[in-house]
Amino acid sequence: MTDRPLIVMRHVFYEGPHRILDAFAGIPTIVVDPLAAGATLPGVDQVRGAVIMGGPMSVNDGAAHPGLDAEVQWIRAGLAADLPTMGICLGSQLIARAAGAPVAPGPRKEIGWLPVEIADPRDPVIGSLAPMTMALHWHDEAFPLPDGATALARSAITPVQAFRLGNAWGMLFHPEADADLVDLWLAEPSMRAEAEEVLGPDAPDALRIGAQRHATELIARSTMGFAAFAARTV
């Protein structure tokens, strides 16, 4: 068993790995903010896997956040090395960009508890969500399927909600979501304002009710996928 750590790339404090790390109990983990001044990333060969989380910035914001470009280069090296990698929301966009796909605003912001259709029930990470799951969405940019990747999920307005490329998975939606995560995000003024912009003044109630209705099932099903991903890093 390797003693190399799992690296978690966190872009803002309120979008950490949350429930994903439950699958890595007893496994050494390092959390790095690639956008922090002076941040350095270990070599791809020094980690067992990578979990890349979300954030309010765009992958196209390299001028404002120079660390994004270095992060994309690191992910590209990870793809070449077949490093087990999971990207959530912005993380999936960074993987798509590293694989050569453009990332741009979608037809509209996708925020709320909405259905995701799963294309491959045999996929080790996504398959447990098949054939459909209600998941939390919170993004306004999307991407086409990267060259060589397999499409794993779609939603009503986003044709590529998840994909697999070698040993890397990208998910625009949030399989790690639960009621606690909703409360954490609503406590962040910028996220609450964005939710109210899209869903109206009752957005906090709608998001909390969605968690009450759907989080228990999402937790049970996504936990299996997180465990399957963790097993690939051993």
Restricting attention to region 45-62, and to residues there that are open to solvent by 40 Å² or more (accessible area, probe 1.4 Å) and touching a residue at least 12 places away in the same chain (Cβ under 8 Å), which single residue is nearest to His174 (Cα to Cα)? Pro56
Qualifying residues in region 111-126 (those that are under 30 Å from Asp205 (Cα atoms) and touching a residue at least 60 places away in the same chain (Cβ under 8 Å)) - the one surrounded by the most Cβ atoms within 10 Å (Cβ to Cβ): Ile126
Test: residue in region 19-29 that is among the polar types (S, T, N, Q) and open to solvent by 60 Å² or more (accessible area, probe 1.4 Å): no
Say we look at region 163-179 and pick out the residues that are part of a strand (DSSP E or B) and closer than 16 Å to Pro84 by Cβ; which of these is farthest from the chain's Cα centre (by Cα)? Leu165
Consider region 95-109. How many of its residues are part of a strand (DSSP E or B) and surrounded by fewer than 18 Cβ atoms within 10 Å (Cβ to Cβ)? 5
Can you find, within region 1-18, the residue that is modelled with the lowest pLDDT among those that are farther than 26 Å from Pro189 by Cβ and open to solvent by 20 Å² or more (accessible area, probe 1.4 Å)? Met1
Pro42 vs. criteria in a loop (DSSP other than H, G, I, E, B) and buried (at least 16 other Cβ atoms within 10 Å of the Cβ): no
Would you be able to say whether some residue in region 123-139 is at pLDDT 95 or above, outside any strand (DSSP E or B), among the aliphatic types (A, V, I, L, M) and over 25 Å from His214 (Cα atoms)? no
List the residue pairs whose Cβ atoms are under 6 Å apart, where the first residue sits in region 63-89 and is of a type in the set (Gly, Ala, Ser) and in a loop (DSSP other than H, G, I, E, B), the second is surrounded by 15 or more Cβ atoms within 10 Å (Cβ to Cβ) and at pLDDT 95 or above, and the two are 6 or more positions apart or on different chains. Ala81/Val44
Any idea which of (1) open to solvent by 10 Å² or more (accessible area, probe 1.4 Å); (2) assigned to a helix (DSSP H, G or I) is the one Ser92 doesn't satisfy? (1)
With the requirement that a residue be touching a strand residue (DSSP E or B) at 6+ places or on another chain (Cβ under 9 Å), closer than 19 Å to Phe24 by Cα and surrounded by fewer than 19 Cβ atoms within 10 Å (Cβ to Cβ), what does region 197-229 give you? Arg221
Just need a number here: residues in region 140-162 that are open to solvent by less than 10 Å² (accessible area, probe 1.4 Å) and assigned to a loop (DSSP other than H, G, I, E, B). 4
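The values are calculated or read from the model by the stated rules, or taken from the named source; none is laboratory data. It should be emphasised that the depicted structure is a prediction, and the values quoted were computed from it without experimental measurement. Quick reminder, even Gly has a Cβ in these numbers, built from the backbone with ideal geometry, and neighbours come from all protein chains shown. Side chains are part of the model used for accessible areas, which takes the heavy atoms of the whole protein and leaves out ligands, DNA and RNA. Shrake-Rupley method; radii C 1.70, N 1.55, O 1.52, S 1.80 Å.
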